[in-house]
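Accompanying notes for the structure given below.
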Amino acid sequence: QVQLVESGGGLVQAGGSLRLSCVASGFVFADSGMAWYRQAPGRQREMVAVISRGGIREYADSVQGRFTISRDNAKNTIYLQMNTLKSEDTAVYYCVRPLGSSSNWGQGTQVTVSS
């Protein structure tokens, strides 16, 4: 079955950096677009970044220029490099294989940015 396992979250001071990783299994990774979503307390889940199977990237306006999504097909892994972190980036970050109503989600990793 499909598995998405995130890692790399933690506590960081504002202005700092973190890199999230997501290892995927159970499907042909190289043929799939992938994404990172996040959910902050009391807020709806929101798309953070998307990368197509061809490497085309899209970002939420709130993270454009600070976050970078990338993928390594040889390792079935996507990454989210997060720089210049702000307190409003505090959230649970999810790795997603976006397939509409059939999307697959990881368990999430907590990112906390202290101001």
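The values are calculated or read from the model by the stated rules, or taken from the named source; none is laboratory data. Quick caveat: nothing in here was measured; it's all calculated off a predicted structure. Glycine gets a Cβ as well: all are built from the backbone with ideal geometry, and neighbour counts include every protein chain shown. Side chains included, ligands, DNA and RNA excluded: accessible areas come from the protein's heavy atoms. Shrake-Rupley method; radii C 1.70, N 1.55, O 1.52, S 1.80 Å.
Mind checking which residues of the range 93-115 are in contact with a helix residue (DSSP H, G or I) (Cβ under 8 Å, 6 or more places away or on another chain), part of a loop (DSSP other than H, G, I, E, B) and open to solvent by less than 60 Å² (accessible area, probe 1.4 Å)? Don't jump to the end; show me each part of the working.
Looking only at the range 93-115, we keep the residues that are in contact with a helix residue (DSSP H, G or I) (Cβ under 8 Å, 6 or more places away or on another chain), and these are 111, 113-115.
Right, trim to part of a loop (DSSP other than H, G, I, E, B) and you get 115.
Correct list: empty.
Take the residues of the range 54-92 that are open to solvent by less than 40 Å² (accessible area, probe 1.4 Å), out of contact with any Cys (no Cβ under 7 Å at 6 or more places or on another chain) and among the hydroxyl-bearing types (Ser, Thr, Tyr): which is farthest from GLY42 (Cα to Cα)?
SER70
Among the residues of the range 15-45, which ones are open to solvent by 80 Å² or more (accessible area, probe 1.4 Å) and either in contact with a Leu (Cβ under 7 Å, 6 or more places away or on another chain) or outside any loop (DSSP other than H, G, I, E, B) (or both)? It would help to see each step written out before you state the result.
Taking the range 15-45 and keeping what is open to solvent by 80 Å² or more (accessible area, probe 1.4 Å), we get 19, 28, 31, 41-45.
Of everything in the range 15-45, those that are open to solvent by 80 Å² or more (accessible area, probe 1.4 Å) and either in contact with a Leu (Cβ under 7 Å, 6 or more places away or on another chain) or outside any loop (DSSP other than H, G, I, E, B) (or both) turn out to be ARG19, ASP31.
How many residues does the range 1-38 hold that are on the phi > 0 side of the Ramachandran plot and either of a type in the set (Val, Ile, Thr) or in contact with a strand residue (DSSP E or B) (Cβ under 7 Å, 6 or more places away or on another chain) (or both)?
Number of matching residues: 3.
With respect to GLY9, determine if the residue is over 10 Å from the mean Cα position of the chain (by Cα) and open to solvent by less than 80 Å² (accessible area, probe 1.4 Å). Write out each step before concluding.
Values: over 10 Å from the mean Cα position of the chain (by Cα): yes; open to solvent by less than 80 Å² (accessible area, probe 1.4 Å): yes.
Yes: the conditions hold for GLY9.
List every residue pair whose Cβ atoms lie under 8 Å apart, where the two residues are 6 or more positions apart in sequence or sit on different chains, the first residue falls within the range 46-70 and is assigned to a loop (DSSP other than H, G, I, E, B) and basic (Lys, Arg), and the second residue, located anywhere, is open to solvent by 70 Å² or more (accessible area, probe 1.4 Å) and at pLDDT 95 or above.
Listed by first residue and then by second, the contacts come to ARG53/ASP31; ARG66/THR84.
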